[in-house]
Amino acid sequence: MRYLTAGESHGPQLTTIIEGMPAGMPLVAEDINQELSRRQKGYGRGRRMQIEKDQVQITSGIRHGMTLGSPIALVVENNDWKHWTGIMGPEPLGDLTSDEVKRKISRPRPGHADLNGAIKYGHRDMRNVLERSSARETTVRVAAGAAAKQLLSLLGIRIVAHVVEIGGVKAEKLEFSSLSQLREVTEESPVRCYDPDAAAKMMAAIDDAKKNGDSIGGVVEVIAEGMPAGVGSYVHYDRKLDSKLAAAIVSINAFKGVEFGIGFEAARKPGSQVHDEIAWEEGRGYYRKTNRLGGFEGGMTTGMPIIVRGVMKPIPTLYKPLMSVDIDSKEPFAASIERSDSCAVPAAAVVAENVVAWELASALVEQFYSDRFETLKASIEEQRSSARES
Ligand code: EPS
């Protein structure tokens, strides 16, 4: 499966075209809208989220609530577009020079794509970069992920993301009884955190950052249960599923790192405290007594829960701007101030959940017969039972 996205943050709409989704899978707009609305929430979001109410339009690939096997096109309109038509429209400038276009940006924000993008494409107005590098694009990545989540859920695979750290405040590793319980609790938390004490401190840290014109980052964790063992590959570097998940996480705007299971702790522990002992039980088949490796061995799933964490840096758009250089005059200046979020970690958790879902669904579709959803389901069932008996 693959997808492309198109669209600028203040342009008319965001679009994605998904290819390779099996035919005969139930999928309706509501499945996608639920995910879009989850992504819009979160303590620390800025005013833009009050303007938008993201709703998908399905313009191809689905008929009478079922996938057809043809490309699925999904569109989400930007409500803010009506305020930006003159600035962002596709029509030629007419009598205006590009310098006279409102909201021109010549002062790149440190940490953002602005300067490198301008150098790459030769843009003099860095709005040409900002508009596409904006995290607004994650709206349709989530829309594509929502379709993938539907596929996983129909195959009995559940996936939940939660926030484990914001601005240096770490959540306690509290036990949860099931992924449904984790989902239920974190869905009610304004920062998507399971630990209520840490959540309160995270919100206070976000308030502080906002008051100081600053921004803060954090860590999100995605857990997926029910993947069959043996998905991915040890024979080809580019088919290792953990590497695909790592790339998906780091491709989210502002994400700078990724770890699986105990992650970087593995560097500090002996092998006997890193690897997971193998056991077998009638009816259940093979399992690991612990899950320190986070569901992967040799680039393939072990059948244990997949646990992947991503690190998000603070958003680079600051009300208290850092110093930069004006690309027209080459004079030092305080970087441009653009309206932004002081913390988008809770929203980014939803993005992480959806991009991981995409990679898992995509790996299943690649590995098993997948033109028809029913046959995909049957081949995965067969793989599950042969893994139990082998
Ligand atoms: C973003 C800046 C803000 C965020 C935006 C990402 O938008 P605006 O420039 O319109 O205030 O709200 O995120 C979204 C619009 C979104 O849907 O997540 C940025 O510069 O990356």
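The values are calculated or read from the model by the stated rules, or taken from the named source; none is laboratory data. Please read these numbers as outputs of a predicted model, since none were measured by experiment. So basically every Cβ, Gly included, is an ideal-geometry build from the backbone, and we count neighbours across all protein chains shown. Note: areas computed on protein heavy atoms with side chains; ligands, DNA, RNA excluded. Shrake-Rupley method; radii C 1.70, N 1.55, O 1.52, S 1.80 Å.
Provide the net charge surrounding residue 265, with neighbours chosen by a C-beta distance below 15 Å and charges set as Lys +1, Arg +1, Asp -1, Glu -1. For residues surrounding residue 265, the net value is +2. Bridgeable lysines around residue 149 (alpha carbons under 27 Å apart, same-chain partners fewer than 8 residues away excluded): 41, 53, 173, 240, 244, 256, 313, 377.
Only Lys, Arg, Asp and Glu carry charge here, each on its Cβ (+1 for the first two, -1 for the last two); on that basis the stretch 2-389 has a dipole of about 600 debye about its Cα centre. Rounded to the nearest 0.05, the FRET efficiency derived from the C-beta distance between residue 80 and residue 278 at R0 = 41 Å is 0.15.
Restriction of the trypsin sites (Lys or Arg not before Pro) in the stretch 53-92 to DSSP coil positions whose beta-carbon has at most 15 other beta-carbons within 10 angstrom yields 53.
Placing a label point 7 Å from the Cα of residue 153 along the Cα-to-Cβ direction, none of the residues of the stretch 42-77 has a backbone N under 12 Å of that point. Ordering 6, 130, 350 by Cα displacement along the dipole of the chain toward the positive end leaves 130 in first place; charges were set at the Cβ atoms of Lys, Arg (+1) and Asp, Glu (-1). Among the GluC sites (Glu not before Pro) within the stretch 125-234, those in coil by DSSP and having at most 12 neighbouring Cβ atoms inside 10 Å are 172, 175. In a simple Cβ point-charge model (Lys, Arg +1; Asp, Glu -1; nothing else charged), the stretch 139-194 has a dipole of about 260 debye relative to its Cα centre. If you model the stretch 150-242 as an ellipsoid using its alpha carbon gyration tensor, with each semi-axis the square root of five times an eigenvalue, the axes come out at 32, 18, 11 Å, biggest first.
Phi angles of the stretch 57-66 translate, via the Karplus equation with coefficients 6.51, -1.76, 1.60 and θ = phi - 60°, into HN-Hα couplings of 10, 9, 10, 6, x, 10, 9, 6, x, 10 Hz per residue; Gly and Pro are given as x.
In the chain, the portion of solvent-accessible area held by carbon and sulfur atoms comes to 53 percent [1.4 Å probe, whole percent, DNA, RNA and ligands not counted]. Qualifying trypsin sites (Lys or Arg not before Pro) in the stretch 248-296, where qualification requires a DSSP coil assignment and no more than 13 other C-beta atoms within 10 Å, comprise 284, 289. The magnitude of the dipole of the stretch 1-70, with charges of +1 and -1 set on the Cβ of Lys/Arg and Asp/Glu and taken from the Cα centre, is near 300 debye. Since only 101, 88, 180 are under comparison, the one whose Cα sits farthest along the positive direction of the charge dipole of the stretch 37-180, derived from C-beta charges on Lys, Arg, Asp and Glu, is 180.
Please report the net charge: other residues with Cβ closer than 14 Å to the Cβ of residue 82, K and R +1, D and E -1. Around residue 82, the charge tally is -1. For the stretch 2-389, the solvent-accessible area works out to 48 Å² per residue, with a probe of 1.4 Å and every protein chain left in place.
Phi angles of the stretch 293-301 translate, via the Karplus equation with coefficients 6.51, -1.76, 1.60 and θ = phi - 60°, into HN-Hα couplings of 8, x, x, 10, 9, x, x, 10, 6 Hz per residue; Gly and Pro are given as x. Placing unit charges on each Cβ (+1 for Lys and Arg, -1 for Asp and Glu) gives the chain a dipole about its Cα centre, and among 219, 283, 112 the Cα reaching farthest toward its positive end belongs to 112. A simple rule links phi to the HN-Hα coupling: the Karplus curve 6.51 cos²θ - 1.76 cosθ + 1.60 with θ = phi - 60°, which for the stretch 3-19 gives 8, 10, 10, 9, x, 9, 4, 10, x, x, 6, 10, 9, 9, 10, 9, 10 Hz, with x for Gly and Pro. Length gained on full extension, residue 37 to residue 2, computed as 0.36 nm times the residue gap minus the Cα-Cα distance: 10.3 nm. Expressed as an acute angle from 0 to 90° and rounded to the nearest 10, what is the orientation of the C-alpha long axis of helix 196-211 relative to the principal long axis of the chain? Around 20 degrees separate the two axes.
Label-to-label distance for residue 339 and residue 320 is 2.3 nm, based on points extended 7 Å past Cα in the beta-carbon direction.
Which values of log₁₀ I(q)/I(0), to two decimal places, follow from the Debye formula for the stretch 2-389 at q = 0.08, 0.12, 0.15 Å⁻¹ with a uniform point scatterer at every Cα? Each listed q maps to, in turn, -0.45, -0.99, -1.41.
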